[in-house]
Each structure stands twice: as C-alpha cells, then as structure tokens.
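One structure below.
FYI, it's all coordinate maths here, none of it is from the lab. Please read these numbers as outputs of a predicted model, since none were measured by experiment. Positions of Cβ are generated from backbone atoms using ideal geometry, with glycine treated the same way; all protein chains shown enter the neighbour counts.
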C-alpha cells in the first residue's frame, strides 16, 4: 500500500434520501483508490458515529456522501473539529450550495443569471406564486439533491399537487420559473483562481424527464460530451459556472447545472459540491473527455484534501 496519503476513509452511505446513490459512489471511489495503492477504508456515516470516525484515526477522508448530513456542511464542521483533512468544499460553501434558495440569493447578488423564484411556506401562497412566475413552473425541495422533490407543474391545476409532493421533503418549497431549452452540466475542479471547467455535457432524457430513475439507473438517457454547442457558447457557459462555483466559495470539485434557452441565454440552476461518482455520473464522464480516468480523478480529488478553517490538522495520535 502507498503511504503517501496514509490511512484514508471513504465516507459514504449516510442518512439522507440519497443514501442509495452514496453507497454506489463510495463503493466506486473505494475500489478506485485501492487500485492506486491507497490504504482506503469504507466508513458508513449512516451506521457509525462521529466517535467511531475519530477512533479510526484516518489521515484524510474522501467524502462520497450526498444530501443532508454529508453534503450540507454538518459533517465538514465535525471534520474540522476533529482535524481530519477532507475532500471538497468547506462548511460554508457546502451549506450555501446545498440550500437552493440561498444559492439563488448569492447568485443574484453576484449578478449571475438564474431563473425567477418564489419561496413558499404554505399552500395559501400558490395563487400569488403563479401570478408572478406563470406556468409551467418547477417545484423544488430546497435541500434535496438527485432530483428528489422536484416536480413540474405544466398547468395551474397541477400546481397544488406539485407543491404537496415537494413539501414532503422540506419545510419550505422553492417554486422556480420553468426554462424551456437544453439541459447542460459543467464539472469543475480546483479552487479559487485555479478552478477550471471540464467539457460541457448535454443531458437528453426521455421526454425531457431527467428524474431519479433516468439519472442513476436507466440507460435511456443520452449524455453528449462535449456538448454540441459552439465554442463561444461553451466558453461563456463554463465561465458563468466557474464564477458561480467561486462565488459560493467551493473548492476541490463540483458540478453546476444550467439550462440553455432558445435565445442562447444560460440560466444557472444549482451547484453541487459532492456530485455523484456512480457508473452514470457526470463528473467522471467529463473527466474522461480530457483523458482522465476514474481512478485518476479520484486521486486528483484526494490529493487536495485539507481542513479549511485555517489551522493545521491535529496530530492523529
């Protein structure tokens, strides 16, 4: 085993609604690190405690968790307190990016394009919401990922049902202007000025329905990489996505989702700070387009693991 990184924990599973995806991501990352000679060990944060995590005395960890308690800054804060270097974004960026409402507010403040939205606390607000956004519109659970809690309302009659479905996942619901166009995603590696985008991917799902099943389990969805857009358009979208990633304070790796409308305008939807690493995942696909294999991608992410709060990692005694 390589001693370069010491004992490495691959944190996966967790307690969120995305546990199933995280188990697949973590298993893939674990095998990739083992193939590169890393002393890697799986650690399921959904079944084991923070005390057990501390007792493992990992020299660094690779976070392959998605959703609450893994991608939202909570675990990152615990790792900071334990002094264990970790992959990806820190507590603040993770928390901001996980919350779709806060993400949009930050993007708007930075002058970046994102669809109009309304924050809904109860069903009585739906009439005003439709008056502002029109239909179709999208209802989203603000703190879920993997398309969970995302429902399209094509007509006014469908709005209440869409709201109720999203409300199953969160206390508030994000209602968002529906952008008709092409769905693109941009993987980003690095930190600060060194952050850079990988080739764009266009997602072409059956009937335009890129839901949980089509995202992770179906072979019917098409992924076009590099996306068939002009070089000028690709450059402009990449710049917008990198700017969003930097504005939120992300580092290590991430993925920004974008809609490209018929007029060629790009609209930022969200930024993911711990994207999937499954066989259907998009960051590995984009990395492959520039000649970076899945194991190489995992090693690239792992080498940048660090604590982010400005102190040196404590000794693992």
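The protection proxy used here, the mean number of other Cβ atoms lying within 10 Å of each residue, ranks peptides 67-76, 48-57 as follows, highest first: 67-76, 48-57. Dividing the summed -39500 (n - 2.57) terms of all DSSP H runs of n ≥ 4 by the residue count of the chain sets its mean residue ellipticity at 222 nm at -10000 deg cm²/dmol. Considering only 134, 279, 291, the Gaussian network model of the chain with Cα springs below 10 Å gives its largest mean-square fluctuation to 291.
Comparing 292, 277, 24 in a Gaussian network model of the chain (Cα springs below 10 Å), the most mobile by mean-square fluctuation is 292. Relative to the 2.2 N^0.38 Å rule of thumb, region 117-177 has a C-alpha radius of gyration ratio of 0.95. Mean projected area of the convex hull spanned by the Cα atoms of region 2-87, taken over all viewing directions: 4.8 nm². DSSP assigns beta bridges within the chain; of those with both partners inside it, close to 75 percent run antiparallel. Using the Cβ-Cβ distance between residue 39 and residue 235 with R0 set to 51 Å, the FRET efficiency works out to roughly 0.80.
The mean sequence separation of alpha-carbon pairs under 8 Å and at least six residues apart, normalised by the residue count of region 2-87, gives a relative contact order of 39 percent. Against the main long axis of the alpha-carbon atoms of the chain, helix 294-303 sits at an angle near 70°. Considering all C-alpha pairs of the chain, those separated by over 32 Å amount to 26%.
A Förster distance of 41 Å, applied to the separation of the beta-carbon atoms of residue 290 and residue 108, puts the FRET efficiency at 0.85. P(r) for region 6-162, please, calculated from all Cα pair distances in 10 Å bins and given in %. P(r) for region 6-162, in whole percents per bin: 10, 32, 27, 18, 10, 2.
The gain in end-to-end length when the residue 194 to residue 220 segment is fully stretched comes to 5.8 nm, 0.36 nm per residue minus the alpha carbon separation.
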